[in-house]
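First up is the structure itself, then whatever we jot down about it.
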Amino acid sequence: MLPNKMRFAVLTEKGHAEVREKELPKLSEDELLVKQEACNICTTDYQQWVGLREHQGYPMAGGHEASGIVIAKGDQVGDAFEVGDRVSILYDYCGICDNCKAGMITICQNKKLFGKNYSDEYYGIFGFSDYFIRNAKSFVKMNLALSPSEAGFVEPLGSVLHGMRKIRLRGGYDTVVVIGAGTMGLMNAAVARAMGARVIVSGRGEKKLETGRKMGFEMIDAGNTNPVEEVKRLTNGRGADAVIVSAGAALANQQALEMVKNQHGRILLYAAGYPVPELNIDSNLIHYKNLELIGTFGSTLEDFNHAGKMLSERRIHVSYLIEEKIPLTNIQEAFEKASAKGNFRVSVVLQE
């Protein structure tokens, strides 16, 4: 028998998450019903919990790094998905606006990313729910051999791939420095390496540094050495061809400007920061140094699909980035641990 209710986590105010229950909507002919197994707590999620992104709205039924098993499908889904498939969720999108037609589904003009697209009461897409109904086009099929928590990395990996295409890495030639050794910093590093670049990661905290070393990266301890000087030393004074700023901080922005090479360097501003970090630069320097400052946000449909393929084929390994698995019942504890300084992804287990 198929379920008729769903249990889900919701942020009701700063510092408080709880589990609620509601009726599952009726399955439409173009939708999948998924038994969700895990949803990882993203920076976007826990920053709202600590009060840094309250502009996203309450009550927030968030979560978007989720995966599960298809248990029913609508009559018009076709053979793209079958009952028993492992899937990871994408953001929903209309498919008909100008942005969607160009593949830029995370900036759909008709569906707000964390808006009230699915409920008059709740913001968010109900990623932290034990059952999940969405249009089939908003899923990507995953390898059944992946753990549910690993399969949940499709969305963050897609955002990394989106940025990588913008900085045009030259495999076998470019040296890339990633500032920030958290989950997204090390994922950026992993993708840059997979694309053939030499990768150097600058980070703070022994746990992050040790994880980066286990993943095989050249690590700079930014807490005990000058990362700009270290990058210059490691590159024989040349500097980095590209710098990826994966820490939303003014200091990281300044370091990127100082460690990038003198001519035709690229700086990718990957991370958002709250409070908003400053970026101070003389525009003449951008002009005379042929410097590129590149912004990146979200993913295209192609990025999502490529992310699913890379994870499924284990060309990117994310097991090192899973800090702990905590059941949905203990959602408050999960947010506390996800927001603790130095931790990687906390994965919420949705079936108990």
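The values are calculated or read from the model by the stated rules, or taken from the named source; none is laboratory data. This is a predicted model, so every value here is computed, not measured. As a convention, Cβ positions derive from the backbone with ideal geometry for all residues, glycine included, and neighbour counts pool all protein chains shown. Heads up: the accessible areas ignore ligands, DNA and RNA and are worked out on the full protein's heavy atoms, side chains in. Shrake-Rupley method; radii C 1.70, N 1.55, O 1.52, S 1.80 Å.
Before anything else, pin down the relative contact order of the chain: Cα pairs under 8 Å, at least 6 apart, normalised by residue count, whole percent. Write out the running numbers ahead of the final one.
Details: 812 pairs, mean separation 67.9, N = 352.
Averaging sequence separation for qualifying contacts and normalising by length gives 19 percent for the chain.
Simple spin-label model, 7 Å along Cα-to-Cβ: residue 319 to residue 229 in nm?
So the two model labels end up 3.9 nm from each other.
Which pairs break 21 Å Cα to Cα here: 166/289; 207/341; 35/337; 116/309?
Numbers: 166/289 19 Å; 207/341 11 Å; 35/337 25 Å; 116/309 30 Å.
Result: 35/337; 116/309 exceed 21 Å.
Can you figure out the FRET efficiency of residue 121 with residue 13, using R₀ = 22 Å and their beta-carbon distance, to the nearest 0.05? Show your work: numbers first, answer last.
Numbers: r = 15 Å, r/R0 = 0.68.
Approximately 0.90, to the nearest 0.05.
With charges only on Cβ, +1 for K and R and -1 for D and E, what is the dipole size of region 262-352 about its Cα centre, in debye, rounded to 20?
Details: 9 positive and 11 negative charges, 57 e Å.
Magnitude of the dipole: close to 280 debye.
Mean separation of Cα pairs under 8 Å and 6+ residues apart, divided by the residue count of region 1-63: what relative contact order is that in percent? Can you show the working numbers first?
Values: 70 pairs, mean separation 26.0, N = 63.
In percent, rounded to a whole number, it is 41.
Between residue 254 and residue 112, what is the FRET efficiency for a Förster distance of 45 Å, r being their Cβ-Cβ separation, to the nearest 0.05? Spell out each step's value before the answer.
Numbers: r = 33 Å, r/R0 = 0.74.
Efficiency at R0 = 45 Å is approximately 0.85.
Mind pulling the angle between the C-alpha long axis of helix 301-312 and the longest principal axis of the chain? Nearest 10 degrees, somewhere in 0 to 90.
Roughly 90 degrees, rounded to the nearest 10.
Mind putting a number on the dipole of region 123-208 about its Cα centre? Charges go on the C-beta only, +1 for Lys and Arg and -1 for Asp and Glu, and I need it in Debye to the nearest 20.
Its charge dipole is roughly 360 debye.
How would 168, 233, 198 line up by accessible area, probe 1.4 Å, largest first? Each step should come with its number before you reach the end.
Working: 168 120, 233 145, 198 80 Å².
Heavy-atom accessible area, descending, gives 233, 168, 198.
How far apart, in nm, are the 7 Å Cα→Cβ label points at residue 27 and residue 262?
Here the modelled spin labels are 6.5 nm apart.
Determine the distance separating the Cα centre of region 70-93 from the Cα centre of region 152-186; give it in Å without decimals.
Taking the Cα centre of each part, region 70-93 and region 152-186 sit 29 Å apart.
Just checking my list [x] 23.8, 82; [y] 22.9, 73; [z] 20.4, 67 against Rg and Dmax of the Cα atoms in Å computed from this structure; which label fits?
From the options [x] 23.8, 82; [y] 22.9, 73; [z] 20.4, 67, the structure gives [z].
7 Å from Cα along Cα→Cβ at both residue 337 and residue 20: what's the point-to-point distance in nm?
Roughly 2.5 nm, to one decimal.
Provide the per residue accessible area, probe 1.4 Å, for the chain, rounded to a whole number of square angstrom.
Values: 15230 Å² over 352 residues.
Averaged over the residues of the chain, the accessible area is 43 Å².
Place +1 on the Cβ of every Lys and Arg and -1 on the Cβ of every Asp and Glu in the chain, take the dipole about the Cα centre, and give the residue among 9, 246, 76 whose Cα lies farthest towards its positive end.
246
Relative to the longest principal Cα axis of the chain, at what angle does helix 154-167 sit, 0 to 90 degrees, rounded to 10?
Roughly 30 degrees between the two axes.
Which residue, 161, 293, 301, tops the fluctuation ranking in a GNM of the chain built on C-alpha contacts under 10 Å?
The residue that fluctuates most here is 293.
With an 8 Å Cα cut-off and a minimum separation of 6 or more residues, compute the relative contact order for region 79-167 in percent.
Details: 87 pairs, mean separation 29.6, N = 89.
Taking the mean separation of contacting Cα pairs over the length of region 79-167, I get 33 percent.
Of all the accessible heavy-atom surface of region 155-251, with the other protein chains kept in place and a 1.4 Å probe, what percent is carbon and sulfur?
Details: 1720 of 3640 Å².
Carbon and sulfur atoms account for 47 percent of the accessible area of region 155-251.
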